[in-house]
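Asker: Pasting a structure below so you can have a look.
The values are calculated or read from the model by the stated rules, or taken from the named source; none is laboratory data. Given the structure is predicted, the values throughout are model-derived calculations rather than measurements. Here Cβ is always computed from backbone atoms with ideal geometry, including for glycine, and neighbour counts include all displayed protein chains.
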Amino acid sequence: MGELFIYLLLFLVGASIGSFLNVLIYRFSKRENLRQILSGRSYCPHCKTPLRWYDNIPLLSFVLLEGKCRYCSAPISLRYFFVEFVGGLSLLVLYHFFHPLGWPTVLGLYIFVCLLVVLSFIDWETFEVPDIFTFGGTALGLILSFLRKDITPLEAFIGALIGFFSVVVISFLYKKFRGVEALGLGDAKFLAVVGAFLGPIGVYCSLFLGSVFALLYFLPQVVKSRSLQFAVPFVPFLALGALVGLICKYFPYLGFLSK
């Protein structure tokens with residue numbers, strides 16, 4: 001019973017954090033300044049009516065309101081429910097598998113997952129990757145590597161360097177030989193975050209698998225246009241690759257850690 005209560009509490013805390021991530025995603029996507037983002041009540045994106053506390057209960061409000069605004073009946077994006085659910089589930093799962101390694105590891109990986117979610121949705125909406133998350137995330141990943149038991153500071157530092165410069169080199173060579181940009185600097189900064197939290201293996205998985213996922217997703221457009229020269233929000237696919245990399249990195253130990 002005690003363990004079940006802990007899991008339920010972690011899920012609720014994580015879902016609440018997911019609700020805050022939704023605020024960050026929406027307001028950064030609308031290019032609000034940091035003061036606007038961190039202050040003021042939440043509001044309906046359609047009618048701009050400030051929301052009351054009972055309209056902001058993670059997951060539950062979405063279900064009770066049937067995915068519609070209480071005041072104007074406009075549909076609420078399913079993204080809100082999804083991010084809150086991922087926020088809750090990921091904290092629960094990470095605690096279940098990694099709590100033997102200590103809270104710094106659990107919290108470090110949870111912060112990393114939160115960064116993946118926020119940056120993916122912002123890039124999908126705006127084709128931009130805010131520096132506050134990439135620079136801040138890389139710095140935080142490097143700092144936490146001194147406290148985590150699953151990665152060394154050297155691995156984190158090398159991973160961040162490989163993540164950043166691998167994209168810089170690829171972009172330089174592609175532009176030199178093809179005359180167009182392949183990847184943006186935002187992708188390089190994102191991979192630095194991946195490297196700081198997961199080390200080099202995370203960067204490899206993110207870059208390789210992310211490219212595969214992006215190609216598969218945009219394959220119909222590639223076939224139709226017979227060209228690879230179109231804008232792609234690459235971070236969501238890099239994030240998916242990084243998530244697979246996280247699973248692959250720790251897969252041999254999950255059975256041991258869950259005991």
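Asker: For Ser171, work out the one condition from (1) crowded, with 22+ Cβ neighbours inside 10 Å; (2) outside the structural domain of Ser61 (by TED's automatic domain parsing); (3) assigned to a helix (DSSP H, G or I); (4) touching a Gly at 6+ places or on another chain (Cβ under 9 Å) it doesn't fulfil.
Answerer: (1)
Asker: Quick check, is Val23 aliphatic (A, V, I, L, M), closer than 25 Å to Leu9 by Cα and surrounded by 20 or more Cβ atoms within 10 Å (Cβ to Cβ)?
Answerer: no
Asker: All but one of (1) farther than 30 Å from Gly2 by Cβ; (2) in contact with a Ser or Thr (Cβ under 9 Å, 6 or more places away or on another chain); (3) modelled with pLDDT under 95; (4) assigned to a helix (DSSP H, G or I) hold for Phe121; state the number of the condition that does not hold.
Answerer: (3)
Asker: Another one. Assess whether Leu115 counts as being outside the structural domain of Ser42 (by TED's automatic domain parsing), in a helix (DSSP H, G or I), at pLDDT 95 or above and out of contact with any helix residue (DSSP H, G or I) (no Cβ under 9 Å at 6 or more places or on another chain).
Answerer: No.
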